[in-house]
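What follows is a set of notes on a single structure, which appears directly below.
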Amino acid sequence: VMGFATLAMMLGHWYLVTPKLSITPLKRFAGGYILLTFWKACELGAAYWVYVGPDWGMPKTEMGYALAHREVIFALFRVTWGVLAPLGFSYWIWETVKMKSTQSATGTLYAAMVCTLIGEGIGLYLTLQTGVPF
């Protein structure tokens with residue numbers, strides 16, 4: 001997801017230099033970023049279901065207990081910065097690309113890339129601390 005966000009942002013910068021390019025590649029990259037962000041949301045949901053379960057009170061595993069009780073604030077930040085914010089930015093990116101506003105799309109892609117970077121960093125921390133692939 002991080003690599004796709006970075007590639008899409010770099011492509012958006014190319015449109016700023018050469019504005020007469022076809023908008024189709026940027027649409028494809030924006031759509032790919034949206035799909036990968038949804039995929040990441042599904043992966044996080046599956047990891048939560050497997051390790052923690054549907055109830056925060058009695059996690060299924062010891063690693064799930066660590067995620068649900070000791071590291072809960074980081075798990076919430078991971079979901080907020082790594083999934084919800086990029087999904088919101090995905091909508092804005094898609095709308096600006098449909099309007100052929102490449103400058104706005106590039107700025108929004110930059111913000112989405114930063115949120116994705118923060119989310120992935122927190123996810124790496126959670127994986128190292130709890131053992132849950134989050």
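Rule-based calculations on the coordinates, nothing more; no lab input. Predicted model only: the values in this text are computed from it and were never measured. No Cβ is skipped: glycine too gets one built from the backbone with ideal geometry, and neighbour counts run over all protein chains shown.
In table form, for the structure just shown:
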read-out	value
Between 0 and 90°, nearest 10: helix 24-51 axis offset from the chain longest Cα axis	0 degrees
Interchain or long-range residues, amide H under 5 Å from Val52's placed H	Lys60
Folded to 0 to 90 degrees: helix 2-17 orientation relative to the chain principal axis, Cα	20 degrees
Peptides 108-118, 37-47, 3-13 ordered by average Cβ neighbours within 10 Å, highest first	108-118, 3-13, 37-47
Residue (of Pro19, Ala111, Val79) at the positive-pole extreme of the chain, dipole from beta-carbon charges	Pro19
Under Karplus coefficients 6.51, -1.76 and 1.60, residue-wise ³J(HN,Hα) of region 70-86 in Hz, glycine/proline x	7, 10, 5, 5, 6, 5, 5, 4, 4, 5, 5, 7, x, 10, 5, 5, x
In the chain, lysine pairs closer than 17 Å at Cα, eight or more apart or cross-chain	4
Dipole in debye (nearest 20) - the chain, about Cα centre, beta carbon charges: Lys, Arg +1; Asp, Glu -1	540 debye
Approximate spin-label separation Leu117-Met99, in nm, with each point projected 7 Å along Cα-to-Cβ	2.6 nm
Mean Cα-pair separation over length for the chain, i.e. relative contact order, pairs under 8 Å, 6 or more apart, %	35 percent
Rg ratio (alpha-carbon, reference 2.2 N^0.38 Å) - the chain	1.20
